[in-house]
Amino acid sequence: MIILSVLYVVAIVAESMTAALAAGRRSMDWVGVCLLGCITALGGGSVRDILLDHHPLTWVAHPHYLVITTVAALATIALARVMHRLHHLFLFLDAVGLVVFTIIGCNVALELNLPLMIVIISGMITGCVGGVLRDILCNDIPLLFRSELYASVSIVTGLLYVAGLHFGLNHELVMSIALLSGLTLRMLALRFKWNMPKFIYNRDEH
Amino acid sequence: MIILSVLYVVAIVAESMTAALAAGRRSMDWVGVCLLGCITALGGGSVRDILLDHHPLTWVAHPHYLVITTVAALATIALARVMHRLHHLFLFLDAVGLVVFTIIGCNVALELNLPLMIVIISGMITGCVGGVLRDILCNDIPLLFRSELYASVSIVTGLLYVAGLHFGLNHELVMSIALLSGLTLRMLALRFKWNMPKFIYNRDEH
Amino acid sequence: MIILSVLYVVAIVAESMTAALAAGRRSMDWVGVCLLGCITALGGGSVRDILLDHHPLTWVAHPHYLVITTVAALATIALARVMHRLHHLFLFLDAVGLVVFTIIGCNVALELNLPLMIVIISGMITGCVGGVLRDILCNDIPLLFRSELYASVSIVTGLLYVAGLHFGLNHELVMSIALLSGLTLRMLALRFKWNMPKFIYNRDEH
């Protein structure tokens, strides 16, 4: 579907730009900024494809996606002064990326005829792993594990999508509902600072 | 063999629960606890399968293992108050996991007719990499590189197993000897705090 | 080509030994030193092969490379006292490793008939990812992202190599020019402390 392809490009641009800002906070050099942008934007899909043995990877078959994410990372350096004014726009685009990546990841697993549970996990990996790689390379504990309903939004989006298809509803309708529901949930979670309960365990390791 | 399948389930439950405690020490949220549990319990086998091109991965073919490790992680949250009383039980179950994963990893490489050295390394990867992934995601230097004969126990277990099969001994006998020897070595190492010698190098990087 | 095979062995020995010193700075035990040496020396090629679905991995097909890198890591422990006197030799050998790995990585992608942009990226992954894995396992922000033209040297080497082949020049001539140019650039960058400009962004994450 055309709309999904357009949203995919929007998503990888947004992910690359937010990763470039994270790189700037750690004073990485320009090459590091570009590498972190590309890895964050395209890493989730790459890990999914490696786990599911789905070759060639997207960027190997279509190297122009690497050009897009590299240009997006470099543009972030040029635009750094105005980026903070676009903070809310980027939170929104990041949420778009999360749900779009999730749907694309579900589609890949559906094409491979994998069990429904793996379809949802494939969506979650595609949506979330790019940010995990970014956090590991920045030497942080991945945000995914700590806050913000990020993985939960991806799971809900995938569940709605798979359930809708299972009940034989129109494909584009199901996709629209899943995308909009996931996006709404994510924006509400950000607005009202919803979090999953934390597990706090203080015993020593001996 | 039935006994190996039963021990495998015991092992992934134990690995998921110890990872959940590590997640609790870093105040991760419930989703993070479940993800860390699944990655730690199933990550070693997944990395082995990706390196050896052995598809589909165990959890892709059998998603119920993901249900088991997720439930184990959630149960850890519920049981957190009594977990410290089970500390010694978990050290034992973790050692069981190490040797069982090692034997299973050796078997995968043997089925692929790989060289004996790769068979032993396949066992070590299966036994040890889950814990390395847990430590990376918790932003620690992997314990594997620092202490406790963990990798050494796995290598000894694999060596005994491969050597026994090489000399044509009965398969179940060889497996039992390798499992029990590895388990004993690990428990002795814990009890008497055996460690490999450390390499300490203090020169600057200039 | 024989010379490339010889240089490859020199390169994995040099990478394993510098990784062993990094392990010593973190007081890892002897097993950790060997593992870090093997992963650093052979990890770049492994990640490349996994991303490009190029199996079996080098060390799976030729386990003697694992013996070489393990012996190199152990030799570093034995030679620790004199290693600092060899500091400049190792900087040179590390640069040799970077350009040799790059050419080998380009060759793998060329054999798979991948687009020229992927050929250059394949070279860069082969040359640089081993060091990234070393830094992640040592719990540092990868040096690659921060300094020293490391990735840039790899890209320039790959570009020269691909461009030379594209224009139909003699293969060995092109390879020699690319190797020597990359090596010279790297040594000049070290000598004169050339760095890529850094991107510094101080805004909070809110």
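The values are calculated or read from the model by the stated rules, or taken from the named source; none is laboratory data. Please read all numbers here as calculations on a predicted model, not as lab measurements. Glycine also receives a Cβ, built like all others from the backbone with ideal geometry; neighbour counts cover every protein chain displayed.
When the range B:95-122 is filtered for residues that are surrounded by 24 or more Cβ atoms within 10 Å (Cβ to Cβ) and among the small types (Gly, Ala, Ser), the ones remaining, listed by number, are B:Gly97, B:Gly105, B:Ala109, B:Ser122. Might you let me know whether the range C:51-58 holds any residue that is touching a helix residue (DSSP H, G or I) at 6+ places or on another chain (Cβ under 8 Å) and touching a residue at least 60 places away in the same chain (Cβ under 8 Å)? Taking every residue of the range C:51-58 in turn, at least one turns out to be touching a helix residue (DSSP H, G or I) at 6+ places or on another chain (Cβ under 8 Å) and touching a residue at least 60 places away in the same chain (Cβ under 8 Å). Residue count for the range B:176-186 under the criterion of being without any contact (Cβ under 8 Å) to a residue 12 or more places away in the chain and not small (Gly, Ala, Ser): the result is 2.
Flag: A:Leu91 matches the condition of being aliphatic (A, V, I, L, M) and surrounded by fewer than 22 Cβ atoms within 10 Å (Cβ to Cβ).
The set of residues in the range A:47-58 being in a helix (DSSP H, G or I) and surrounded by fewer than 24 Cβ atoms within 10 Å (Cβ to Cβ) consists of A:Val47, A:Asp49, A:Ile50, A:Leu51, A:Thr58. With respect to A:Leu112, determine if the residue is on the phi < 0 side of the Ramachandran plot, of a type outside the set (Val, Ile, Thr) and in contact (Cβ under 8 Å) with a residue 60 or more places away in the chain. So A:Leu112 fits the description; yes. Among the residues of the range A:22-30, is any in contact with a Pro (Cβ under 8 Å, 6 or more places away or on another chain) and either hydrophobic (A, V, I, L, M, F, W, C) or at pLDDT below 95 (or both)? Checked against the condition, which is being in contact with a Pro (Cβ under 8 Å, 6 or more places away or on another chain) and either hydrophobic (A, V, I, L, M, F, W, C) or at pLDDT below 95 (or both), the range A:22-30 yields at least one hit. Considering only residues in the range A:187-197 that are within 14 Å of another protein chain (Cβ to nearest Cβ) and in contact (Cβ under 8 Å) with a residue 24 or more places away in the chain, the one that is farthest from B:Leu79 (Cα to Cα) turns out to be A:Leu190. Annotation: of all residues in the range A:136-154 being outside any loop (DSSP other than H, G, I, E, B) and without any contact (Cβ under 8 Å) to a residue 40 or more places away in the chain, the one that is farthest from the other protein chains (Cβ to nearest Cβ) is A:Leu143. Looking across the range B:155-175, just one residue is free of Cβ contacts under 8 Å to residues at least 12 places away in the same chain, touching a helix residue (DSSP H, G or I) at 6+ places or on another chain (Cβ under 8 Å) and not aliphatic (A, V, I, L, M), and that is B:His171.
Any residue at all in the range C:170-185 that is part of a loop (DSSP other than H, G, I, E, B), among the hydroxyl-bearing types (Ser, Thr, Tyr) and surrounded by fewer than 23 Cβ atoms within 10 Å (Cβ to Cβ)? No, the range C:170-185 has no match at all. On the basis of being at pLDDT 90 or above, assigned to a helix (DSSP H, G or I) and closer than 28 Å to C:Ile121 by Cα, does C:Gly44 make the cut? Judged against the criteria, C:Gly44 is a match. Residues that are within 18 Å of the chain's Cα centre (by Cα) and either over 29 Å from A:Ala109 (Cβ atoms) or hydroxyl-bearing (Ser, Thr, Tyr) (or both) within the range A:50-72 comprise A:Thr58, A:Tyr65, A:Thr69, A:Thr70, listed in sequence order.
There is at least one residue in the range C:88-101 that is free of Cβ contacts under 8 Å to residues at least 12 places away in the same chain, closer than 24 Å to C:Leu143 by Cβ, assigned to a helix (DSSP H, G or I) and within 19 Å of the chain's Cα centre (by Cα). Across the range A:160-169, what is the total count of residues that are assigned to a helix (DSSP H, G or I) and either surrounded by fewer than 13 Cβ atoms within 10 Å (Cβ to Cβ) or within 14 Å of chain B (Cβ to nearest Cβ) (or both)? Within the range A:160-169, residues that are assigned to a helix (DSSP H, G or I) and either surrounded by fewer than 13 Cβ atoms within 10 Å (Cβ to Cβ) or within 14 Å of chain B (Cβ to nearest Cβ) (or both) number 2.
Table: residues versus (1) of a type in the set (A, V, I, L, M, F, W, C); (2) within 10 Å of another protein chain (Cβ to nearest Cβ).
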| residue | (1), (2) |
| --- | --- |
| C:Ile2 | yes, no |
| C:Ala23 | yes, yes |
| C:Asp29 | no, yes |
| C:Ala41 | yes, no |
| C:Gly45 | no, no |
| C:Asp49 | no, yes |
| C:His55 | no, yes |
| C:Ala73 | yes, yes |
| C:His87 | no, yes |
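Scanning the range C:76-84 turns up no residue that is among the hydroxyl-bearing types (Ser, Thr, Tyr), surrounded by 17 or more Cβ atoms within 10 Å (Cβ to Cβ) and within 27 Å of A:Leu137 (Cα to Cα).
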